[in-house]
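Following: one structure in structure tokens, then a few remarks.
The values are calculated or read from the model by the stated rules, or taken from the named source; none is laboratory data. Just so you know, these numbers come straight off a predicted model, no measurement behind them. FYI the Cβ positions are ideal-geometry reconstructions off the backbone, even for glycines, and counts take in every protein chain you see. Areas reflect the complete protein model, heavy atoms only, side chains present, ligands, DNA and RNA absent. Shrake-Rupley method; radii C 1.70, N 1.55, O 1.52, S 1.80 Å.
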Amino acid sequence: MRRPARPCKRVSCETMKIAPGLAMPGARARRSGVPRPSYLIALGSNLRSRHGSPERTIAAAIAALAGVVAVSPILRTPPLGPSNRRFANAAALVESDEAPPALLRRLKAIERDFGRRRGVRWGARVLDLDIILWSGGPWHGEGLVVPHPAFRERGFVLEPLLAVAPEWRDPLTGLSIRQLAARLRRARRR
């Protein structure tokens, strides 16, 4: 069941040919009637790239992803860690038949293509693409853990996810993105 679509802000969904705000993973079915595997991808940038500002870099990265079904508004957030530049953050709901390690390789290739180089952990970066959740449930392999281990404590990840998949449930806690975001907001008010 689909929730009413929410309009995207700043980055136009219409110009990118992306439907905003699908509520559930795998909402579109193949001809066989079996839902396609879906991923929630977090995007972040706080350095200019050949595409321009961090916001334009995020928009270009979304365009470079295949299978994008929904995209959140781009949010400006304070940095985490040693970086002193604000980040542009967004989330995308992506359908892909790739296994998590194959999708991770593709995301890392996109990061490299955009100019990402290994550097200081949590430092400034041209582009960061992370697999947050997968419709196949938990995954643990070399260099990849799904759900992303820290996403529940990061408002800059949960707020964009809330715009594209509020009812998607964390397979480890059983809580929806909406519930996790509300829980984090309450904890921050204390």
Original post:
If you go through the range 143-176, how many residues are more than 19 Å from residue 101 (Cβ to Cβ) and either in contact (Cβ under 8 Å) with a residue 24 or more places away in the chain or in contact with a helix residue (DSSP H, G or I) (Cβ under 6 Å, 6 or more places away or on another chain) (or both)?
Top reply: 19
Original post:
In the range 46-80, what residues are open to solvent by 50 Å² or more (accessible area, probe 1.4 Å) and assigned to a loop (DSSP other than H, G, I, E, B)?
Top reply: 48, 50, 51, 66, 78, 80
Original post:
In the range 81-103, which residues are over 23 Å from residue 138 (Cβ atoms) and not in a strand (DSSP E or B)?
Top reply: 81, 82, 83, 84, 85, 86
**OP:** Working only within the range 22-41, note down all residues that are open to solvent by 10 Å² or more (accessible area, probe 1.4 Å) and either at pLDDT 90 or above or among the aliphatic types (A, V, I, L, M) (or both).
**Re:** 22, 24, 27, 29, 34, 37
Original post:
Restricting the search to the range 156-181, which residues are open to solvent by 30 Å² or more (accessible area, probe 1.4 Å) and not basic (Lys, Arg)?
Top reply: 156, 159, 167, 171, 172, 173, 174, 175, 179
Subject >> Test: residue 130 is farther than 25 Å from residue 169 by Cβ and open to solvent by 30 Å² or more (accessible area, probe 1.4 Å) >> reply: no
Subject >> Test: residue 153 is open to solvent by less than 30 Å² (accessible area, probe 1.4 Å), at pLDDT below 95 and among the acidic types (Asp, Glu) >> reply: no
Original post:
So residue 109 clears everything in (1) open to solvent by 30 Å² or more (accessible area, probe 1.4 Å); (2) part of a loop (DSSP other than H, G, I, E, B); (3) aliphatic (A, V, I, L, M); (4) more than 25 Å from residue 180 (Cβ to Cβ) except one condition, right? Which one?
Top reply: (2)
